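Okay, structure first, notes after.
The values are calculated or read from the model by the stated rules, or taken from the named source; none is laboratory data. What you are looking at is a predicted structure, and each value in this text was computed from that prediction instead of being measured. Cβ placement follows ideal geometry from the backbone for every residue including glycine, while neighbour counts extend to all protein chains displayed.
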Amino acid sequence: MRIAAALFVALHGIGYSIWFLSAWVPSVLGTGSKQLTFGDVPATGGLGKALGVVALLVLAGFLASAWGIWQETSWWPVSLIASAIVGIPIAFSVWNPVGTVSVMAELANAGLVAATLVPWGDRLLGAH
């Protein structure tokens, strides 16, 4: 189960490349320039690009967390919760270009935080 959890966390993290791409290279996703959720701000503008860079940091955090789960380190819960919490506003802010993916990402973030914090979470994600 620990290996499956590590793979899920890694793949979830890789999914954050979508938010980077929507800000920096929207043509790769087959979409034109979209607006951010919270106003008339283009996703390819300065704020959108900054959010895209933060999405790359979230991606790195999830990959580190996956490695920590895989290796059964003591620090992965902090890394996973921090990545998920920072990832929540990223997925929400660039909702318009990738709405369906944003819903799944928000559910996954909430589920990962919950599974990390509940006492029986070690059965899902490994001992911590």
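Every residue, every condition in (1) within 20 Å of Val101 (Cβ to Cβ); (2) touching a residue at least 24 places away in the same chain (Cβ under 8 Å); (3) in contact with a His (Cβ under 6 Å, 6 or more places away or on another chain), yes or no:
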residue: Ala5; (1), (2), (3): no, yes, no
residue: Leu11; (1), (2), (3): yes, no, no
residue: Gly15; (1), (2), (3): yes, yes, no
residue: Ser27; (1), (2), (3): yes, no, no
residue: Gln35; (1), (2), (3): yes, yes, no
residue: Leu56; (1), (2), (3): yes, yes, no
residue: Ala66; (1), (2), (3): yes, yes, no
residue: Trp70; (1), (2), (3): no, yes, no
residue: Ser74; (1), (2), (3): no, yes, no
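Screening region 30-42 for residues that are in contact with a Ser or Thr (Cβ under 6 Å, 6 or more places away or on another chain) and not small (Gly, Ala, Ser) and picking the one that is modelled with the highest pLDDT gives Pro42.
For region 31-73, a tally of residues being farther than 19 Å from Asn109 by Cα and outside any helix (DSSP H, G or I) returns 16. Would it be correct to say that Phe62 is touching a Ser or Thr at 6+ places or on another chain (Cβ under 6 Å) and either within 19 Å of Ser93 (Cα to Cα) or surrounded by 18 or more Cβ atoms within 10 Å (Cβ to Cβ) (or both)? When the stated conditions are applied, Phe62 passes them. Exactly one residue among Ser27, Ser22 is modelled with pLDDT under 85, small (Gly, Ala, Ser) and in contact with a Pro (Cβ under 8 Å, 6 or more places away or on another chain), and that residue is Ser22. Would you check if there is a residue in region 4-17 being more than 15 Å from Leu112 (Cα to Cα), among the polar types (S, T, N, Q) and part of a loop (DSSP other than H, G, I, E, B)? Checked region 4-17: no residue is more than 15 Å from Leu112 (Cα to Cα), among the polar types (S, T, N, Q) and part of a loop (DSSP other than H, G, I, E, B). Residues in region 75-128 that are at pLDDT below 75 and either in contact with a strand residue (DSSP E or B) (Cβ under 7 Å, 6 or more places away or on another chain) or of a type outside the set (Asp, Glu) (or both): 17 in all.
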